[in-house]
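Take a look at the structure set out below.
Bear in mind these aren't lab numbers, they're just calculated from the coordinates by the rules spelled out. Keep in mind it's a predicted model, so treat the numbers as computed, not measured. With ideal geometry, Cβ positions are generated from the backbone for all residues, glycine too; neighbour counts draw on all protein chains shown.
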Amino acid sequence: MNFAYKEPLIVQEVAPRDGLQIEKQWVETADKIALIDALAACGFTRIEAGSFVSPKAIPALRDGEAVFNGIVRKEGVIYVALVPNMKGAERALAARANELNLVMSASQTHNRANMRMSCEDSLAGFGDIVRLVQGASAPVSLNATVATAFGCPFEGRVDEDRVVSIARTYREMGIAGITLADTTGMANPRQVARLVERVLAEVPAADLTLHFHNTRGLGLANVLAAYHAGARRFDAALGGLGGCPFAPGASGNICTEDLVNLCDEMGIPAGIDLVQLIRLSRTLPGLVGHEVPGQVAKAGRNCDLHAVPEYVRAI
């Protein structure tokens with residue numbers, strides 16, 4: 001089957017939130033702000049800049065207000081905040097987040113581990129947040145994530161009908177944006193294509209985001225499967241940072257520079273400065289205190305290898 005790679009692929013950068021949330025080494029507020037500003041300079045139009053959760057639950061992100069108040073807002077960039085409940089939503093609105101991301105798992109077991117409540121209670125809380133946002137003085141968009149959409153580390157297989165039903169419920173509640181999250185990297189490309197096609201029958205492509213982890217090495221393959229099926233927006237984390245603190249074996253998100261490199265190599269428009277992005281990724285080990293799993297920042301781009309050193313040409 002012939003397929004034209006002409007449709008832009010939008011990368012939402014999630015390292016400042018999802019990437020840093022499980023880091024043991026404290027990243028200073030000023031460094032988080034500098035990272036977000038540098039990401040905006042690379043060309044990202046969507047950045048998940050932080051979360052407004054309990055400092056006891058996620059101490060690495062306890063400075064959410066200071067981060068949102070310190071960033072230099074770039075025109076055209078949507079700064080997203082993860083919020084777990086009404087209190088978090090109120091804090092995010094006060095900090096001038098452009099979009100609130102709500103999270104509920106398709107799996108009851110994972111939702112209780114992650115959100116400390118049942119799925120039914122999560123949905124009730126979402127309804128309160130929708131009403132809060134609808135009454136806000138400034139326009140704020142809403143996105144809701146279906147976590148463990150492709151499999152749960154506690155329950156195993158997740159019913160695809162349930163995932164589609166949750167996405168439909170979100171939309172009926174007035175939540176425009178939908179994210180399908182492969183929280184612990186259990187998805188495979190065939191499964192991804194099938195579920196994305198089903199959800200796109202309910203949700204416009206412009207409102208759908210895919211969130212993959214590379215836990216079992218299938219992250220970028222799953223991106224291509226979703227892109228072929230019609231998805232156009234994907235979460236990724238600089239350096240491949242991140243993971244779910246409430247699920248066993250949930251290693252990092254797909255790596256942003258690896259994804260942008262894939263787009264560059266295949267001619268898929270992404271609008272991100274890869275050279276600048278690689279340069280930024282190479283600063284991460286010093287920021288978090290360990291090496292990161294991304295590959296392109298280590299190997300460089302293919303075209304970088306074409307510049308043969310003078311001493312080689314002289315041989």
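Couple of notes before you dig in:
- Selection count, the stretch 6-43, where residues are surrounded by 24 or more Cβ atoms within 10 Å (Cβ to Cβ) and part of a loop (DSSP other than H, G, I, E, B): 2
- With respect to (1) under 28 Å from VAL192 (Cβ atoms); (2) within 21 Å of the chain's Cα centre (by Cα), the lone exception for VAL140 is condition (1).
- Residue check for PRO8: within 28 Å of ALA226 (Cβ to Cβ) and out of contact with any helix residue (DSSP H, G or I) (no Cβ under 7 Å at 6 or more places or on another chain): yes
- Check on GLY185, small (Gly, Ala, Ser) and farther than 21 Å from GLU257 by Cβ: no
- Residue count for the stretch 257-297, restricted to those that are more than 16 Å from ASP37 (Cα to Cα) and of a type in the set (S, T, N, Q): 2
- Candidate set from the stretch 86-101 (those that are touching a residue at least 40 places away in the same chain (Cβ under 8 Å) and assigned to a helix (DSSP H, G or I)); member that is surrounded by the most Cβ atoms within 10 Å (Cβ to Cβ): ALA92
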